[in-house]
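Peer 1: So that we are looking at the same thing, I have put the structure below in structure tokens.
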């Protein structure tokens, strides 16, 4: 009889201990998470406000671009000289990669496969092969590749930076190019090959280069032709 | 009496069991949640950095567009000013597309193949050649671009967006033209900056030298880089996009 009472008492004590441990641990958990949750919330707020900022800036840039386009049309209509010069301007702008273009070509998806990671050399090689096939415009994840575009690994291959913009797999490489010519050449590059999925299309849209242009011409002086 | 007591004991035991299980679960949960929160924090910080960078770039772009806009206003009614502005813009785009001869400060990087001759006893010397590879030239160009080189040429072939570099017997095809070693790579930009990025630890020059290739680098105050030949530029597949 006594032993049973002792047993019951011990079970109750144990129960009490465990209940109090449970309460303590809930408290402790909350204390640990509180600063982290607070920090995460603060970061989320900053992130949203920065994204909003960017959206707003983007809209303003688009508006200014449209205005400038109008101004340019008006300017070209001033007289015959401005008309001819403006046409020339448009051509140079197109060649420089500063206009949106469409044409027939390919969409190539590049991704890590079978444990092999996509590196900057793979994208460099791919753009090179596209150029061998006569590509006239190339974009990677909507970043137009122009004469000044870099393709760089950062953060131990996790990110690749193109035109100063960070991006990661999968990479969508669009190109306006003769798809048949490309097919003939791409087989040679079996190293890059395993990372690729190619799809031909009649209607590839390739956006213009979006960054600032002034910094692309610093330190450079044009040598004027002797004969104008 | 005995039955009630037994029921009481049974209930307590069940409660005990439940408490023990809960305690065990809460320990697991705590660890999972804190690691999840940690990863989310890192991702958030990364995403914030990306947005901030985008913001900086957008601000620069915005200023530039505003400036362009102002130019139109300032030239209102002045035909000559307008013509001058168009010509200025043409010059800008000529440079970017590689269609103008240019000059400025920069660097000249020269890479050459190496022939190694190993004399063998009682037999003919063993010769072999270490040659520059296509991929190495691509990497050099990439590094130069990342260091803000605004014009680049290899053996006087202007490197533009559509330039290909194809390794062939005894050289490379660049812009449809064959060139051979030594490869003289000229780049316009800040000579210090260009030299530093090319020669940094584990950088491009070190990589080339580790393959025994001959590499030399010089800075210069005036380098001339020719424009790309007309045939290099192709645009017949491109059609203007209507948004």
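Rule-based calculations on the coordinates, nothing more; no lab input. Quick caveat, the model's predicted, so the values are computed rather than measured. Virtual Cβ from ideal backbone geometry, glycine too; neighbours counted across all protein chains shown.
Peer 1: Classify region B:48-116: rounded, prolate or oblate, from the alpha-carbon gyration tensor (a ≥ b ≥ c, eigenvalue square roots; a/c under 1.5 rounded; otherwise prolate if a/b is larger than b/c)?
Peer 2: oblate
Peer 1: Using label points projected 7 Å from each Cα along Cα→Cβ, tell me how many nm separate residue B:46 and residue B:84, to one decimal.
Peer 2: So the label points at residue B:46 and residue B:84 sit 5.1 nm apart.
Peer 1: If you take the beta carbon distance between residue B:112 and residue B:15 as r and set R0 to 60 Å, what does 1/(1 + (r/R0)^6) give as a FRET efficiency, to the nearest 0.05?
Peer 2: Between residue B:112 and residue B:15 the formula returns 0.10.
Peer 1: Peptide A:43-53: average number of partner chain Cβ atoms within 10 Å per residue?
Peer 2: Mean shielding count: 4.
Peer 1: A follow-up question, please. Alpha carbon centre of region B:135-199 versus region A:103-161: separation in Å?
Peer 2: 18
Peer 1: Where does each of A:25, B:216 land when they are ranked from fewest to most other beta-carbon atoms within 10 angstrom?
Peer 2: In order of increasing Cβ crowding within 10 Å: B:216, A:25.
Peer 1: For region B:103-150, compute Rh as the Kirkwood radius over C-alpha pairs and then the Stokes-Einstein diffusion coefficient at 25 °C and 0.890 mPa s; write the answer in µm²/s, rounded to an integer.
Peer 2: Answer, rounded: 178 µm²/s.
Peer 1: Where a ≥ b ≥ c are the square roots of the eigenvalues of the C-alpha gyration tensor, would you call chain B rounded, which needs a/c under 1.5, or, failing that, prolate if a/b is larger than b/c, or oblate?
Peer 2: Because a/c hits 1.5 or more and a/b fails to exceed b/c, chain B counts as oblate.
Peer 1: What average count of beta carbons from other chains do you get within 10 Å of the Cβ of residues in B:97-107?
Peer 2: 5
Peer 1: Peptides A:105-111, A:30-36: what's the order by average Cβ count within 10 Å, highest mean first?
Peer 2: Highest mean packing first, the order is A:105-111, A:30-36.
Peer 1: Ok, one more. Between residue B:76 and residue A:58, with labels modelled 7 Å along Cα→Cβ, what's the label distance in nm to one decimal, could you check?
Peer 2: About 3.2 nm separates the two model spin labels.
Peer 1: Continuing with the same structure: Residues of region B:202-235 with backbone nitrogen within less than 13 Å of a virtual label 7 Å along the Cα-to-Cβ line of residue B:184, please, listed as ranges.
Peer 2: In region B:202-235, the label zone of residue B:184 (backbone N under 13 Å from the point 7 Å along Cα→Cβ) covers B:218, B:223-226.
Peer 1: Work out the FRET efficiency for residue A:109 and residue A:201 from their Cβ-Cβ distance, taking R0 = 22 Å, and round it to the nearest 0.05.
Peer 2: Between residue A:109 and residue A:201 the formula returns 0.95.
Peer 1: Measuring from label point to label point, each 7 Å out along Cα→Cβ, what is the residue B:123 to residue A:3 span in nm?
Peer 2: 9.3
Peer 1: How high is the FRET efficiency between residue A:159 and residue A:17 when r is their beta carbon distance and R₀ equals 56 Å, given to the nearest 0.05?
Peer 2: Efficiency at R0 = 56 Å is approximately 0.65.
Peer 1: Shape of region B:173-232 from its Cα gyration tensor (a ≥ b ≥ c, root eigenvalues): rounded if a/c is under 1.5, otherwise prolate when a/b > b/c, or oblate?
Peer 2: Oblate, because a/c is 1.5 or more while a/b does not exceed b/c.
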